[in-house]
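Heads up: the structure comes next, in structure tokens.
The values are calculated or read from the model by the stated rules, or taken from the named source; none is laboratory data. In this text, all values refer to a predicted model and were calculated from it rather than measured experimentally. Heads up, the Cβs are rebuilt from the backbone with ideal geometry, glycines too, and the neighbour counts pull from every protein chain shown. Note: areas computed on protein heavy atoms with side chains; ligands, DNA, RNA excluded. Shrake-Rupley method; radii C 1.70, N 1.55, O 1.52, S 1.80 Å.
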Amino acid sequence: MPQQAVTRKAGQPQVWVLDEQAKVQPVAVKVDELVAGRYHVVSGLTAGQQIVVEGIERLSPAAQVNARPWQPSVVPQQLSAVVR
């Protein structure tokens with residue numbers, strides 16, 4: 001899961017999840033290590049749930065949202081060369 005989707009309340013990680021009516025609710029999750037800007041979620045979510053990645057600062061419980069697929073920004077890969 002993208003790092004920016006995880007917020008913390010009282011130190012505990014949570015994400016905002018959309019329900020069938022496109023309303024959001026915060027859900028507590030357990031996350032493992034952060035690798036390359038993504039968390040491995042250990043528990044708290046089920047397959048197929050939609051989460052909010054952007055616009056989190058404007059949310060409140062039961063807020064109606066207009067969901068659309070998230071597209072991560074493309075980060076140019078660093079190139080390295082070996083000099084011989």
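Side notes on the structure shown:
- Count of region 1-29 residues, restricted to those that are without any contact (Cβ under 8 Å) to a residue 60 or more places away in the chain, surrounded by 13 or more Cβ atoms within 10 Å (Cβ to Cβ) and touching a strand residue (DSSP E or B) at 6+ places or on another chain (Cβ under 8 Å), is 17.
- Residue tally, condition farther than 18 Å from residue 70 by Cα and charged (D, E, K, R), over region 1-19: 2
- All strands (runs of 3 or more DSSP E) inside region 9-80 with 1 or more residues being at pLDDT 90 or above, in contact with a His (Cβ under 8 Å, 6 or more places away or on another chain) and not small (Gly, Ala, Ser): 30-35
- Close pairs (8 angstrom Cβ cut-off, 6 or more residues apart or separate chains): open to solvent by less than 100 Å² (accessible area, probe 1.4 Å) and β-branched (Val, Ile, Thr) in region 56-84, modelled with pLDDT of 80 or more and assigned to a helix (DSSP H, G or I) anywhere: 56/4; 56/5
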